[in-house]
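Visitor: Pasting a structure here, questions to come.
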Amino acid sequence: CQYQVHFDEHNKTKGTYWNTRECAQFVNPAQKQPTHTISLGADGLFAFGKSSLNDLQPEGRTKLERLSQQIREGYNLESIAVTGHTDRIGSAASNLALSQARADTVKSYLVSQGISAQLITATGLGSSQPVVTCNGSKSPTVIACLQQNRRVEISIKGSVKQ
């Protein structure tokens, strides 16, 4: 890389120039766009305790359709991370499997909407990252209280299209 400094007749800097744009970006890298995370309530996507594409609720399908359109039209994608979560009801093993199955289903759906599978990772974390804590054993009240923990998060890394 070469850097030029141009001076005027009084030896004051008149201008500075890199010989290529790549050199300028190497020294002053462009700011990366932040990762955008979208959290979708799994109860709005799937029937309680379910994870297949057939178990996708109509409003959940609509949310995913809108989201996939926004991703396709609004981002220059680097990657998408789909993370499934569950509440604490059930065994750790079954919750881990359910969260992974939900993440895989959302990934498959995004791929069916034209998003490259190579850009998407799907991970299930079970009940390891709750956003709310509710006391008590399994009951309709506790199940309703824990609803926020049953979610699928989609993190989009890339730049916003101009």
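Visitor: From the set of residues in segment 79-99 that are in contact with a Lys or Arg (Cβ under 7 Å, 6 or more places away or on another chain) and β-branched (Val, Ile, Thr), which is most open to solvent (accessible area, probe 1.4 Å)?
Guide: 89
Visitor: Take segment 102-116 and flag every residue that is open to solvent by 60 Å² or more (accessible area, probe 1.4 Å) and free of Cβ contacts under 8 Å to residues at least 12 places away in the same chain.
Guide: 112
Visitor: Next question, about the same structure. Looking at segment 34-73 only, could you name the residues that are under 22 Å from residue 89 (Cα atoms), without any contact (Cβ under 8 Å) to a residue 40 or more places away in the chain and not in a helix (DSSP H, G or I)?
Guide: 47, 50, 57
Visitor: Shifting gears a bit: Conditions first: (1) assigned to a loop (DSSP other than H, G, I, E, B); (2) over 20 Å from the mean Cα position of the chain (by Cα). Residue 93 passes all but one, so which condition is the exception?
Guide: Of (1) assigned to a loop (DSSP other than H, G, I, E, B); (2) over 20 Å from the mean Cα position of the chain (by Cα), only one is false for residue 93: (1).
Visitor: Right, another one. Go through (1) of a type in the set (S, T, N, Q); (2) touching a Gly at 6+ places or on another chain (Cβ under 7 Å); (3) part of a strand (DSSP E or B); (4) crowded, with 16+ Cβ neighbours inside 10 Å for residue 76 and report which single condition fails.
Guide: Going through (1) of a type in the set (S, T, N, Q); (2) touching a Gly at 6+ places or on another chain (Cβ under 7 Å); (3) part of a strand (DSSP E or B); (4) crowded, with 16+ Cβ neighbours inside 10 Å one by one, residue 76 breaks only (4).
Visitor: Quick check on this structure: which one of 146, 119, 125 is under 15 Å from residue 68 (Cα atoms) and surrounded by 16 or more Cβ atoms within 10 Å (Cβ to Cβ)?
Guide: Answer to the check: 119.
Visitor: Please go through segment 141-161 and pick out each residue that is of a type outside the set (Val, Ile, Thr) and more than 13 Å from residue 87 (Cβ to Cβ).
Guide: Scanning segment 141-161 gives 153, 155, 157, 158, 159, 161.
Visitor: Now, a different point. Restricting the search to segment 1-43, which residues are hydrophobic (A, V, I, L, M, F, W, C), open to solvent by 100 Å² or more (accessible area, probe 1.4 Å) and either at pLDDT 75 or above or over 40 Å from the mean Cα position of the chain (by Cα) (or both)?
Guide: 1, 7
The values are calculated or read from the model by the stated rules, or taken from the named source; none is laboratory data. Nothing here was measured: the structure is a model prediction, and the numbers come from that model. Methodologically, a virtual Cβ is constructed for each residue, glycine included, from the backbone with ideal geometry; neighbour enumeration extends over all protein chains shown. Keep in mind that these areas ignore ligands, DNA and RNA; they rest on the heavy atoms of the full protein, side chains included. Shrake-Rupley method; radii C 1.70, N 1.55, O 1.52, S 1.80 Å.
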